[in-house]
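Heads up, the thing below is written out as structure tokens.
The values are calculated or read from the model by the stated rules, or taken from the named source; none is laboratory data. Source: prediction; values computed, not measured. Quick reminder, even Gly has a Cβ in these numbers, built from the backbone with ideal geometry, and neighbours come from all protein chains shown.
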């Protein structure tokens with residue numbers, strides 16, 4: 001089991017550029033979550049999907065953020081245009097709703113917007 | 001909304017000491033989980049608790065699910081330097097109803113050699 005795979009691990013981009021973060025959940029998991037972590041705000045849930053369908057996107061900070069899950073093995077989080085205040089570590093996590101096993105997190109993408 | 005309270009924000013202990021962390025909520029949860037985050041990595045599940053009153057151990061870690069279902073504690077015995085990290089508690093409602101986890105803000109643990 002390769003776990004939840006996120007790419008890239010690090011991303012440095014200029015303000016105004018589009019950024020796309022990628023996630024491959026654990027095979028067989030049917031829920032996928034995108035989190036943002038900062039020192040000030042801790043772990044914030046941005047959006048989550050059940051069976052590839054977005055269930056709750058109330059945590060998405062603004063329209064510059066969008067997420068998709070075109071199939072059970074892939075999801076993207078896009079920021080367009082990016083701003084310096086978007087700098088954070090973005091985590092993807094997956095879980096199975098058929099059991100009480102919590103989430104498995106990826107190693108995260110550290111985004112720096114300059 | 002649901003909130004989990006973890007305090008203090010940081011703890012400093014000497015290697016070999018025991019440490020206990022609490023997590024409280026104003027809401028009832030059906031599952032309590034404890035995660036640890038190492039620097040540069042994502043949180044990793046340490047212990048999951050499924051029944052009120054349950055006491056579960058994993059090596060030097062012991063966690064309990066409070067009887068009221070509104071709290072949990074994690075105890076680390078005989079701490080070692082690799083225990084350094086951020087410890088998060090999380091509460092979960094039943095799968096199928098809402099599988100979303102609610103996380104606390106975490107406690108950063110430092111261990112002095």
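Count of the range A:23-42 residues, restricted to those that are in contact (Cβ under 8 Å) with a residue 12 or more places away in the chain and facing chain B (nearest Cβ under 9 Å), is 4. In this structure, residue B:79 does not qualify as more than 23 Å from residue A:37 (Cβ to Cβ), more than 10 Å from chain A (Cβ to nearest Cβ) and under 13 Å from the mean Cα position of the chain (by Cα). Taking the condition more than 9 Å from every other protein chain (Cβ to nearest Cβ) and within 22 Å of residue A:10 (Cβ to Cβ), does residue A:111 pass? So residue A:111 passes the test. Looking across the range B:39-65 at every residue that is under 14 Å from the mean Cα position of the chain (by Cα) and touching a residue at least 24 places away in the same chain (Cβ under 8 Å), the one that is nearest to residue A:4 (Cα to Cα) is identified as B:43.
Taking the range B:23-46 as the range and being over 17 Å from residue A:42 (Cβ atoms) and not in a loop (DSSP other than H, G, I, E, B) as the test, the residues that pass are B:31, B:32, B:45, B:46. Across the range B:7-21, the qualifying residues are those that are modelled with pLDDT of 95 or more and within 24 Å of residue B:68 (Cα to Cα), and the one among them that is nearest to the chain's Cα centre (by Cα) is B:21.
Of the strands (runs of 3 or more DSSP E) lying entirely inside the range A:43-103, the ones with 3 or more residues being within 14 Å of chain B (Cβ to nearest Cβ), within 15 Å of residue A:30 (Cα to Cα) and in contact with a strand residue (DSSP E or B) (Cβ under 9 Å, 6 or more places away or on another chain) are found at A:53-56, A:88-95.
Of all residues in the range A:1-21, those satisfying the criterion of being crowded, with 16+ Cβ neighbours inside 10 Å and assigned to a strand (DSSP E or B) are A:6, A:11, A:13, A:19, A:21.
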